[in-house]
Amino acid sequence: MVCAIDEKRFKIVHHDEDGRFSETTTDIEWMQAIANDGTPIWIVISGDGYILRNKVERQVLDETKLVFFCLDGPWQEMPIHEQAWKFMKVWPKITETAKTSKHKRFRVRAGASLAVEDI
């Protein structure tokens with residue numbers, strides 16, 4: 001999921017709904033594309049922790065102005081209905097963090113606290 005944020009609202013765009021990208025678009029390609037499209041702030045919400053572990057992808061992420069929230073491992077293990085209500089519950093923390101933090105990389109924990117942490 002990718003969000004564009006301005007001071008009053010969020011526009012949520014799923015990777016697969018953005019006509020610029022297909023299933024075969026690499027992480028490097030879509031990160032560079034959204035970073036260079038003129039939108040003031042892009043917020044990426046992803047369950048793909050590999051982006052943070054892969055040296056090349058991490059470098060591209062670091063070179064962009066993208067704000068990156070990584071859903072930690074347990075998110076991928078839970079049923080979709082549980083993901084949905086937990087995500088809705090943590091959404092205000094994500095949006096507030098995106099607007100106010102000077103950090104650019106965050107982990108969204110799926111535990112009882114649904115914490116948003118700098119990484």
Exercise for the section: Please identify the pairs in which a residue from segment 90-104 that is loosely packed, with under 14 Cβ neighbours inside 10 Å has its Cβ atom under 8 Å from the Cβ atom of a residue that is modelled with pLDDT of 85 or more and part of a helix (DSSP H, G or I), counting only partners at least 6 apart or on another chain. Expected result: none
Handout entry: Count - residues of segment 42-63 that are exposed (fewer than 15 other Cβ atoms within 10 Å of the Cβ) and over 21 Å from Phe87 (Cα atoms)
Key = 6
Handout entry: Matching strands (runs of 3 or more DSSP E) fully within segment 1-95 where at least 1 residues are at pLDDT 90 or above
Key = 41-46, 67-71
Exercise for the section: Answer yes or no as to whether Met78 is more than 20 Å from Phe10 (Cα to Cα) and either of a type in the set (Ser, Thr, Tyr) or surrounded by fewer than 15 Cβ atoms within 10 Å (Cβ to Cβ) (or both). Expected result: yes
Exercise for the section: Check Lys93, Lys102, Lys11 and return the single one that is out of contact with any strand residue (DSSP E or B) (no Cβ under 8 Å at 6 or more places or on another chain) and not aromatic (Phe, Trp, Tyr). Expected result: Lys102
Practice task
Read through the list (1) among the aromatic types (Phe, Trp, Tyr); (2) in contact with a Gly (Cβ under 6 Å, 6 or more places away or on another chain); (3) within 11 Å of Ile43 (Cα to Cα), then give the number of the only condition that Phe69 fails.
Solution key: (2)
Fill in the blank from the handout: Of (1) over 23 Å from Ala33 (Cα atoms); (2) exposed (fewer than 13 other Cβ atoms within 10 Å of the Cβ); (3) among the acidic types (Asp, Glu), Asp72 fails just (2)
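The values are calculated or read from the model by the stated rules, or taken from the named source; none is laboratory data. Only a predicted model underlies this, so the values are computations on that prediction, with no experimental measurement involved. Heads up, the Cβs are rebuilt from the backbone with ideal geometry, glycines too, and the neighbour counts pull from every protein chain shown.
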